[in-house]
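Only one structure is covered here, and it is reproduced in the block below.
The values are calculated or read from the model by the stated rules, or taken from the named source; none is laboratory data. This is a predicted model, so every value here is computed, not measured. Methodologically, a virtual Cβ is constructed for each residue, glycine included, from the backbone with ideal geometry; neighbour enumeration extends over all protein chains shown. Each accessible area value is taken on the protein alone, full model and side chains, heavy atoms only, with ligands, DNA and RNA left out. Shrake-Rupley method; radii C 1.70, N 1.55, O 1.52, S 1.80 Å.
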Amino acid sequence: MVARVSKEPDDAERYPTLTDAGRQMLRRLVEHDAAPIFRNQSGNRLLAEDLPALNEFERDVLASPLEWSPGATPRWLMDVLARAHAEIPYYRSLGPAPQRFEDVIPISRADLAADIARFVPDHVPVDRLINFQTTGTTDHPLLVPSHPVVAARYIAFHKRALNRFGVKLSHGAGQVGVILLGCQRRCFTYVSVTPTMDESGFAKINLDPGDWRDPDDRARYINAMDPEMIAGDPISFQALLDLPVTVRPRALLSVAMMLADGLHKRLQERFGCPVLDIYSMNEVGPIGVYDAQAGGHVLLQPRLYVEILDASGQPVPMGERGEICVSGGFNFCLPLIRYRTGDTAALSTYRGELVLVDLSARRPIRFRTDSGAWLNNIDVSHALKHLPLARFGLHQGADGALTLKLPPDGAPHAGTALAALQELFGASRIALASITTDDKILQYETELPGGLVE
């Protein structure tokens, strides 16, 4: 269950450990002459007592090998299964835990979307619970339960990935550690500091010109902040390439969508630093980082068990392609057991490490409006989020024509959905089609040149 806050939190609640140096950093991020219009306020919400455990967690992640091998269920995973059946309403309703892990029936995104509260353990403190909204590869919108400590743990896996390419983050007090890029009509933007990095600065910004007083301020702000690392997705990085930025970050981190080889090469040539392609999901966090020498995405989480399943839910032999299924992870608000991700790959090894080969995950899709402007697919999600649609799809043809796909139970909302998209795209007409299968569909598709960011 997601906690409902009765009042807007103040800075003491957003930044419980904030020092004078951290306060100065926040002012610098917000009050710079070229600063964007920050639409939101967030903060790290970490308590002083959280920090020692986070530092220990990071040390363990950086030092630990993966604690499992394919086909051999690790003991810790059976412990996770036993706790799930004791503490999580969904699993408890199924009766005693199976003796064999392979007998657990896999779940999917649709199961979580139907009632996410049933997958949250009883002991999770509701007063510190937070959530993230995600759309994923297919068509079931989802609120992912999380916690300030869980959000702060991400950096440990990012550091593990960066260390692989010889990059060790060092920015601290008085320096901007990370700028996270978005590029969409509506974007959650805010500033914060990172207590485990001596309150280095963090800013989530939107490269859409509508979030700036002057579009030229985008490059001026990024140059002035001089972040140690820039993170984003392929769509926002494509926009970054069009700006006259001169910064030289230690690394670029691409998350949320697949990064094409061509864009990876252009980014590396432009910024002269490693460009990391992180396979990550809101449900489980960073899963793997692409390493060309390894031939795929090297797994990052020591306690995330990964299987490759066929259509019937059975594991396939090593090296065969199938659907990625994950169990365990570091989000204690959502311990997953045999969760089918909707993404596909084969599992292989490279010098003793486990690697996802030929990964097919969420593609970076853009849509073109009637005026010729590009829209992030997230803008489409925002336009329709107020409607009770469990499933929908949008397709743009090579001629720019749009087709909205709805299931039969979405028919009563078709008129409202079409009106919202017509306003977003400036389109006079959008075709309507039916989703006639219960199988997963790709939520966003395009045949338009430039629609798939490569």
**Message:** When the residues of segment 255-272 are narrowed to those that are at pLDDT 95 or above and open to solvent by less than 10 Å² (accessible area, probe 1.4 Å), which ends up nearest to Leu334 (Cα to Cα)?
**Reply:** Leu267
**Asked** Can you name every residue in segment 314-335 that is touching a residue at least 60 places away in the same chain (Cβ under 8 Å) and not in a loop (DSSP other than H, G, I, E, B)?
**Response** Pro315, Cys325, Ser327, Gly328
**Selection from segment 215-236 of residues that are in contact with a Pro (Cβ under 9 Å, 6 or more places away or on another chain), without any contact (Cβ under 8 Å) to a residue 60 or more places away in the chain and closer than 19 Å to Val453 by Cα** = Ile230
**Message:** Exactly one condition in (1) farther than 15 Å from Thr189 by Cα; (2) part of a strand (DSSP E or B) is false for Phe202; which is it?
**Reply:** (1)
**Prompt:** Do we find a residue being open to solvent by less than 20 Å² (accessible area, probe 1.4 Å) and of a type in the set (Phe, Trp, Tyr) anywhere in segment 143-154?
**Reply:** no
**Request:** Could you pull out the residue among Ala110, Ala97, Ala156 that is assigned to a helix (DSSP H, G or I) and within 17 Å of Leu336 (Cα to Cα)?
**Result:** Ala110
**Which listed residue is open to solvent by 10 Å² or more (accessible area, probe 1.4 Å) and within 24 Å of Leu207 (Cα to Cα), from Arg368, Arg351** = Arg368
**Request:** Quick one: in segment 318-355, of everything that is aliphatic (A, V, I, L, M) and touching an Asp or Glu at 6+ places or on another chain (Cβ under 9 Å), which residue is farthest from Ala152 (Cα to Cα)?
**Result:** Ala346
**Request:** Name the one entry in Gly415, Gly393, Gly410 that is open to solvent by 40 Å² or more (accessible area, probe 1.4 Å) and at negative phi.
**Result:** Gly415
**Item:** Among the residues listed as Gly426, Gly415, the single one being over 21 Å from Arg186 (Cα atoms) and of a type outside the set (Val, Ile, Thr)
**Value:** Gly415
**Asked** Among all residue pairs at least 6 apart or on different chains, which show Cβ distances below 6 Å where the first residue, located in segment 37-61, is closer than 19 Å to Gly22 by Cα and the second is open to solvent by 30 Å² or more (accessible area, probe 1.4 Å) and among the hydrophobic types (A, V, I, L, M, F, W, C)?
**Response** Asn40/Phe188
**Prompt:** Does segment 144-153 contain any residue that is modelled with pLDDT of 95 or more, out of contact with any helix residue (DSSP H, G or I) (no Cβ under 9 Å at 6 or more places or on another chain) and part of a helix (DSSP H, G or I)?
**Reply:** yes
**Request:** Go through the residues of segment 237-253 one by one and say whether even a single one is among the polar types (S, T, N, Q), part of a helix (DSSP H, G or I) and modelled with pLDDT under 95.
**Result:** yes
**Complete:** Every listed condition ((1) touching a strand residue (DSSP E or B) at 6+ places or on another chain (Cβ under 8 Å); (2) part of a loop (DSSP other than H, G, I, E, B)) holds for Gly22 save (2)
**Message:** Against the conditions (1) of a type in the set (S, T, N, Q); (2) open to solvent by 10 Å² or more (accessible area, probe 1.4 Å); (3) over 19 Å from His264 (Cβ atoms), where does Gln301 fall short? Just the number, please.
**Reply:** (2)
**Fill in**
Within segment 163-182, the residues that are open to solvent by 30 Å² or more (accessible area, probe 1.4 Å) and not in a strand (DSSP E or B) are Asn163, Arg164, Phe165, Gly166, Lys168, Leu169, Ser170, His171, Ala173, Gly174, Gln175
**Request:** Filter segment 108-142 down to the residues that are closer than 20 Å to Val80 by Cα, touching a helix residue (DSSP H, G or I) at 6+ places or on another chain (Cβ under 7 Å) and open to solvent by 20 Å² or more (accessible area, probe 1.4 Å), then identify the one that is modelled with the lowest pLDDT.
**Result:** His123
